[in-house]
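The values are calculated or read from the model by the stated rules, or taken from the named source; none is laboratory data. The shown structure was predicted, so the numbers you read here are calculated from the model rather than taken from an experiment. Virtual Cβ from ideal backbone geometry, glycine too; neighbours counted across all protein chains shown. Side chains are part of the model used for accessible areas, which takes the heavy atoms of the whole protein and leaves out ligands, DNA and RNA. Shrake-Rupley method; radii C 1.70, N 1.55, O 1.52, S 1.80 Å.
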Amino acid sequence: MMSENLAIKKYERKVTGAEGFYSHSPFSIVTMVARIKGSVSEEMLKNAVAKVQQRHALLRVRIKEETDHTQWFISEGVQDIPTEIVPRKSETDWIKIHLEASKIPFEFDTHPAIRFILVQSLDVSELIILCHHIICDGMSLAYLARDLMVHLGDPSREVEVLPAPAPITLDNLPSDVSLPGIVKFFINRIKQKWAEEIVFFDQEDYKILTKTYWDNYNHEIFSIELSEDETSALVARCRKERITVNSAITAAFSGAQTFVEGDKPHLAKTAIGTSLRDRLPNPPGEAVGYYASGLELILEYNHKKSFWENARNYHNKIKPKYINKKVFGDLPAWLQMDSNIYEALNFKKMGRLVTSDSPRYEKLSDFSKREDVVVKLLQRVKMESLETKLLGPAITNLGRLDFPKTYGALELDRLIMQPGGAFPLSHVNLVLGAVTCTGKLSLVIEYAEEAVNTTTMEKIRDKAMEFLFSK
């Protein structure tokens, strides 16, 4: 159990509709990897984890289901954050370790929805942070990685506890973000219909769904690690072209997909992750929590023009979209719905894959086959089939983080980020995570082998990098 010092920091609030969108999702896992130069011991790791757990309120909670089936974050009765140390034999060990760790269900009802794995060697280690999207976003884990480095580098340093952040709620939205009355009307109709046929899902259902998902789908990862010189060269070229690095990355992978796979309708649909932290009336600062959304755009690459012409065109299309009404996306609707219907979407899609020897086979299989309002929601967004591809690239770029490089005797070599997702990876051609730290840009490509084969994705990766460093 947690120490007495932590137990007295009582925290309790309801899981919001936005956070609940990810409830019991087996694939909504955000990962940050900190490559550390220097020796990190087990004692140092445990001390640092204990310190950051005190610093961040959502690292001190478990999720309790009340008798009315609402979910609450509570700090009472929380067990320790799982930590593990495995030996490091090569620079790429962390990739396989991360993929295998992603298949392990979180113990939401007893532990915080996060775990740490140190891939350890004497001189260089990777600290893997795996966190469920219900309590975090990409920036959360960037700040958390820095906090860990601070306490790894100075184990005796006292904790600066952050105030518990206000979550995104209907009362914590910008004044220019709201739902039209007609949308509220239809949401209320959906809620009423769902109330008549509602099904509740628990930790055991989630464990079975997690096993089912990973038994049927294989995620793969490519890690692209630019040097300081390569990063500087790319930044300089983007400045010359008067575009952002994010626009260049988006154009590169968008164009690479159509170059390799041809023009397919879904490849033009692009999702771009956005941070909402500085847009809220009550901003969370650097606290761990879910404060992200995304833009969806149609971006068509013209192979008759140069890459940099396309990149400028993409930039001009993307930039005007960064307004509140666009970047908050469906979040107001999730908040208005405030129901477990969103978690039901994954059980509806994947319940039919549950094996007959499962203890919840009858419940989950029957639910997946039932015609109800959940089916209609999936049909509306063309997600009723796991085989349907809806997006080309889904890109999250945390930008340039001005974190220190040195922490006592340790050095932060780079950060690497895998952004996770809101729905099965088979719906997306590729998910791309980007982060620049200590002067180095790191990119992670994640894809489902069942949707895109590795040979094809290697060609997309290579062509995208060719675009980015083209003359």
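With respect to the conditions (1) under 26 Å from Ile63 (Cα atoms); (2) buried (at least 17 other Cβ atoms within 10 Å of the Cβ), Leu170 lacks only one, and its number is (2). Would you please list the contacts, defined by Cβ atoms under 6 Å and residues six or more apart or on different chains, that run from a residue in segment 456-471 that is within 11 Å of Phe307 (Cβ to Cβ) to a residue that is open to solvent by 80 Å² or more (accessible area, probe 1.4 Å)? Going by the 6 Å Cβ cut-off, the qualifying pairs are Lys463/Phe259. With a requirement of 3 or more residues that are farther than 24 Å from Phe423 by Cα and either touching a Leu at 6+ places or on another chain (Cβ under 8 Å) or open to solvent by less than 10 Å² (accessible area, probe 1.4 Å) (or both), the strands (runs of 3 or more DSSP E) lying completely within segment 53-146 that satisfy it span 83-87, 114-120, 124-132. Is segment 162-173 home to any residue that is among the small types (Gly, Ala, Ser) and in contact (Cβ under 8 Å) with a residue 60 or more places away in the chain? Yes, that holds for at least one residue. Against the conditions (1) free of Cβ contacts under 8 Å to residues at least 24 places away in the same chain; (2) in contact with a strand residue (DSSP E or B) (Cβ under 8 Å, 6 or more places away or on another chain), Val78 satisfies every one except (1).
Filter segment 316-335 for residues that are crowded, with 20+ Cβ neighbours inside 10 Å and under 30 Å from Gln203 (Cβ atoms) and give the result.
Our first condition is that a residue be crowded, with 20+ Cβ neighbours inside 10 Å; within segment 316-335, this holds for 318, 327-328, 331-332, 334-335.
Within segment 316-335, Leu331, Pro332, Trp334, Leu335 qualify.
Only one entry in Leu390, Leu401, Leu386, Leu364 is in contact with a Phe, Trp or Tyr (Cβ under 8 Å, 6 or more places away or on another chain) and on the phi < 0 side of the Ramachandran plot, namely Leu364.
Taken as a whole, the condition of being at pLDDT below 95, over 22 Å from the mean Cα position of the chain (by Cα) and either over 28 Å from Arg352 (Cα atoms) or buried (at least 20 other Cβ atoms within 10 Å of the Cβ) (or both) does not apply to Val235.
Would you be able to say whether some residue in segment 147-160 is charged (D, E, K, R), open to solvent by less than 20 Å² (accessible area, probe 1.4 Å) and in contact (Cβ under 8 Å) with a residue 40 or more places away in the chain? Checking segment 147-160: at least one residue is charged (D, E, K, R), open to solvent by less than 20 Å² (accessible area, probe 1.4 Å) and in contact (Cβ under 8 Å) with a residue 40 or more places away in the chain. Contact annotation: residue pairs with Cβ atoms under 7 Å, 6 or more positions apart or on different chains, pairing a residue in segment 271-285 that is assigned to a loop (DSSP other than H, G, I, E, B) with a partner that is β-branched (Val, Ile, Thr) and open to solvent by less than 20 Å² (accessible area, probe 1.4 Å), are Leu276/Ile168; Leu276/Val327; Leu280/Ile168.
Would you point out the residue of segment 176-197, among those that are in a loop (DSSP other than H, G, I, E, B) and touching a residue at least 60 places away in the same chain (Cβ under 8 Å), that is nearest to Asn340 (Cα to Cα)? Steps first, please.
As a first pass, look at segment 176-197 and keep what is in a loop (DSSP other than H, G, I, E, B): 176-180.
Adding the requirement that they be touching a residue at least 60 places away in the same chain (Cβ under 8 Å) leaves 176-179.
Values: Asp176: 27, Val177: 23, Ser178: 21, Leu179: 20 Å.
Applying the filter and picking the extreme gives Leu179.
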